[in-house]
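Asks: Below are the structure tokens for one structure; questions will follow.
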Amino acid sequence: QVQLVESGGGLVQAGGSLRLSCAASGRTFSSYAMGWFCQAPGKEREFVAAISWNGGRTYYADSVKGRFTISRDNAKNTVYLQMNSLKPEDTAVYYCAATGDSEYFTIENYDYWGQGTQVTVSS
């Protein structure tokens, strides 16, 4: 069982930065790959980024490549999403999730979800 709690969301101007954190409980955090997803009003939840269990592999949606960086610290049971050069279209609720699957892009493959943190980017 893994419980996830996101933090770090907020209101930022376009071009600004935010760093999201996702703290996990449970001793098995390091055995899970972790992902970030976002959901804007009226839209489906979509993949943003993912990182393998040891941090050796990372994956990004095309829309955030070069702007967002996912990382993890297994000693702290935490995964991060550094968001730079933010755009108004990045406005959404951001969720972290844990998966034991080897395919990281599909929502249904994730076993545990946080409650989400709101990111709002003003123009």
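The values are calculated or read from the model by the stated rules, or taken from the named source; none is laboratory data. It should be emphasised that the depicted structure is a prediction, and the values quoted were computed from it without experimental measurement. All Cβ positions, glycine included, derive from the backbone under ideal geometry; neighbour counts span all protein chains shown. Note: areas computed on protein heavy atoms with side chains; ligands, DNA, RNA excluded. Shrake-Rupley method; radii C 1.70, N 1.55, O 1.52, S 1.80 Å.
Asks: Indicate the gyration tensor shape class of segment 1-72 (rounded, prolate or oblate), computed on the Cα atoms with a ≥ b ≥ c the square roots of the eigenvalues: a/c under 1.5 is rounded; otherwise a/b larger than b/c is prolate and the rest oblate.
Replies: Since a/c reaches 1.5 and a/b is larger than b/c, the shape of segment 1-72 is classed as prolate.
Asks: If you don't mind, there's one more thing I want to ask. Would you please classify the overall shape of segment 53-114 from the alpha carbon gyration tensor, given that a ≥ b ≥ c denote the square roots of the eigenvalues, rounded means a/c under 1.5, and beyond that prolate means a/b larger than b/c while oblate covers the rest?
Replies: Prolate, because a/c is 1.5 or more and a/b exceeds b/c.
Asks: Any chance you could check the Cα centroid distance between segment 1-59 and segment 74-117 for me, in angstrom?
Replies: Centre-to-centre (Cα) distance: 2 Å.
Asks: Next question, about the same structure. What is the extension gain from Arg67 to Gln3, computed as 0.36 nm multiplied by their sequence separation minus the C-alpha to C-alpha distance, in nm to one decimal?
Replies: 20.3 nm
Asks: Of all the stretches in the chain, which is the longest one without any exposed loop site, taking GluC sites (Glu not before Pro) in a DSSP loop (any state but H, G, I, E, B) with at most 14 other Cβ atoms within 10 Å?
Replies: Working: sites that count: Glu44, Glu103.
That would be 45-102.
Asks: Okay, next question. In Å³ and rounded to a whole number, note down the convex hull volume per residue for the Cα atoms of the chain.
Replies: Convex hull of Cα atoms, per residue: 90 Å³.
Asks: Something else about it: In sequence order, what are the phi-derived ³J(HN,Hα) couplings for segment 5-12 according to the Karplus relation 6.51 cos²θ - 1.76 cosθ + 1.60 with θ = phi - 60°, rounded to whole Hz, with x for glycine and proline?
Replies: 10, 8, 7, x, x, x, 9, 9
Asks: If you don't mind, another one. If you stretched the chain out fully between Ser30 and Ser123, how much longer would it get, using 0.36 nm times the residue separation minus the C-alpha to C-alpha distance?
Replies: Between Ser30 and Ser123, full extension yields 29.7 nm more.
Asks: Moving on. Would you mind telling me the share, in percent, of accessible area of the chain contributed by carbon and sulfur at probe 1.4 angstrom?
Replies: That fraction is 46 percent.
Asks: For a quick check of your reading of the filter: which trypsin sites (Lys or Arg not before Pro) in segment 19-88 sit in a DSSP loop and have no more than 12 other Cβ atoms within 10 Å? Working shown, then result.
Replies: Numbers: sites: Arg19, Arg27, Lys43, Arg45, Arg57, Lys65, Arg67, Arg72, Lys76; in loops: Arg27, Lys43, Arg45, Arg57, Lys65, Arg67, Lys76.
Answer in residue order: Arg27, Lys43, Arg57, Lys65, Lys76.
Asks: Something else: Considering only protein heavy atoms, what per residue accessible area in square angstrom results for segment 17-123 with a 1.4 angstrom probe?
Replies: Accessible area per residue: 50 Å².
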